[in-house]
Amino acid sequence: MRKFSISAVLTGVLLGLPGVAGAAYPMYPAYQQMPQNGQMMYLPSANSRVVSGNTYNMPYNSVVAAQPTRVTGALPRVGSSQTNAGRQYYQPADYDRLADSGLYVGLSVGYSASVIGSISSDYTGEEDAYTVPGAFQAADFKSDTVIPFQVSVGAAINNDIRVDFSYLRYSNLSYPRTVQTSDGAGDYVTAQVDGGAITSNATMLNIYYNIDSFTGYLAGGSLRPYIGAGVGVSLNTIADYVVYDNTFYSVMEPGAAGAGQLTGISDIYAYHNGGTTEQIAFMLEGGLSTEMEGGIKLDFFVRYANLGKVKTSGSIVLSQIEWLGDGAGGEYEAPYDSVFHYTNWYESGRLGMVDMGVRLRLQF
């Protein structure tokens, strides 16, 4: 009886081991178990090989990739000043913050740090031209505080290029207050000038290119450098002005002059009629862009603008005092007005500006 019990226990343990082992150790995936006639049998899987009628189960050697750990937060900046020639690469958040996109309206004001150009008489080779005072020696334009004003409407073509159409106005310029006019003997005398205000109104098509791909962002990513160029048409206007020469010009010695004969002229007033000239204009600009709240960008720029020529209408009305001999070795002032009209006698000069300013751009 005891032997039967021990045998029964051993038989139960032996029969139960496969189930326990199967529960504790899952079936190796290279094998498949199929019941057949009440018994378990192993069938070869895709990883088994059959050699000379025998089946060999190959080890199942698959690797399951682990799920990557999710990393939150901004990615670190990459790039090296040693390996990338000083370039820096910024996160998309930095890049997009200063990106140009969509339509915009711009308004800029500035200060003209330099007025380039001068005006001179085009009629210096004309006969008796010295009797018509003007700028026989080139004279620089006079400028007070010149505040260039610009309005622009444009759009970004892509993240690097934007194009706009602008209106640019300059004022507070004028013909010089004094000029050196010819005395007819190879020298010059000083003449006084009154009037001659100058304004320039230019419309241009401009293109701007962001160069941060070459320079990198500046100031820790808050400034984006750019360059620009534009071409268009300027209307340059000069108002009427008068040039006064108080020199006495002797024509003949009074003792050699007969009665009523011209001996000299003095107090010459030359009334120059102003004019408006349409000229080809262009500009070159460089600057830095940054952003404020509400999609507003600021461009800090330096600009050179070539506005073409300033030119008068060519009409000059001359008034002078004539002196006549009295026939007795003396002379006297003529009792009549001496007035002459000259046409196609121009005064002209090129006008250029170097400006520093700031442009406010509102993007849509």
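Brief remarks on what is shown
- Every pair of residues 6+ apart whose Cβ atoms lie under 7 Å, when the first sits in region 103-125 and is on the phi > 0 side of the Ramachandran plot while the second is at pLDDT 95 or above: G117/F141; G117/G349; G117/R350; G117/L351; G117/G352
- Residue ID - most open to solvent (accessible area, probe 1.4 Å), chosen from residues in region 334-364 that are at pLDDT 95 or above and among the charged types (D, E, K, R): R350
- Of the residues making up region 116-133, those that are of a type in the set (V, I, T) and not in a strand (DSSP E or B) are T124, T131, V132.
- Those residues of region 131-158 which are open to solvent by less than 40 Å² (accessible area, probe 1.4 Å) and farther than 18 Å from R350 by Cα, in sequence order: T131, V132, P133, Q150, S152, G154, A155, A156
- Candidates G274, G258, filtered to the one that is open to solvent by less than 40 Å² (accessible area, probe 1.4 Å) and farther than 30 Å from K309 by Cβ: G258
- With respect to the conditions (1) out of contact with any His (no Cβ under 9 Å at 6 or more places or on another chain); (2) within 25 Å of F340 (Cβ to Cβ), Y175 falls short on a single one, namely (1).
- Check on A281, out of contact with any Lys or Arg (no Cβ under 7 Å at 6 or more places or on another chain), open to solvent by less than 30 Å² (accessible area, probe 1.4 Å) and over 30 Å from Y209 (Cα atoms): no
- Check on F214, within 33 Å of the chain's Cα centre (by Cα) and among the hydrophobic types (A, V, I, L, M, F, W, C): yes
- T290 hydroxyl-bearing (S, T, Y), surrounded by 15 or more Cβ atoms within 10 Å (Cβ to Cβ) and over 30 Å from D140 (Cβ atoms): yes
- Scanning region 134-172 for residues that are out of contact with any Leu (no Cβ under 9 Å at 6 or more places or on another chain), acidic (D, E) and in a loop (DSSP other than H, G, I, E, B) turns up just one, D160.
- Annotation note: of V163, V189, V179, the sole residue that is surrounded by 19 or more Cβ atoms within 10 Å (Cβ to Cβ), modelled with pLDDT of 95 or more, in contact with a strand residue (DSSP E or B) (Cβ under 8 Å, 6 or more places away or on another chain) and not acidic (D, E) is V179.
- Residue count for region 112-130 under the criterion of being buried (at least 21 other Cβ atoms within 10 Å of the Cβ), at pLDDT below 95 and touching a Phe, Trp or Tyr at 6+ places or on another chain (Cβ under 6 Å): the result is 0.
- Single residue of region 203-255 satisfying the filter (of a type in the set (S, T, N, Q), open to solvent by 30 Å² or more (accessible area, probe 1.4 Å) and in contact with a Leu (Cβ under 9 Å, 6 or more places away or on another chain)) that is modelled with the highest pLDDT: T203
The values are calculated or read from the model by the stated rules, or taken from the named source; none is laboratory data. Owing to the predicted nature of the structure, the values given are computational and were not obtained by experimental measurement. Glycine gets a Cβ as well: all are built from the backbone with ideal geometry, and neighbour counts include every protein chain shown. Please note that ligands, DNA and RNA were not included when accessible areas were found on the heavy atoms of the full protein model with its side chains. Shrake-Rupley method; radii C 1.70, N 1.55, O 1.52, S 1.80 Å.
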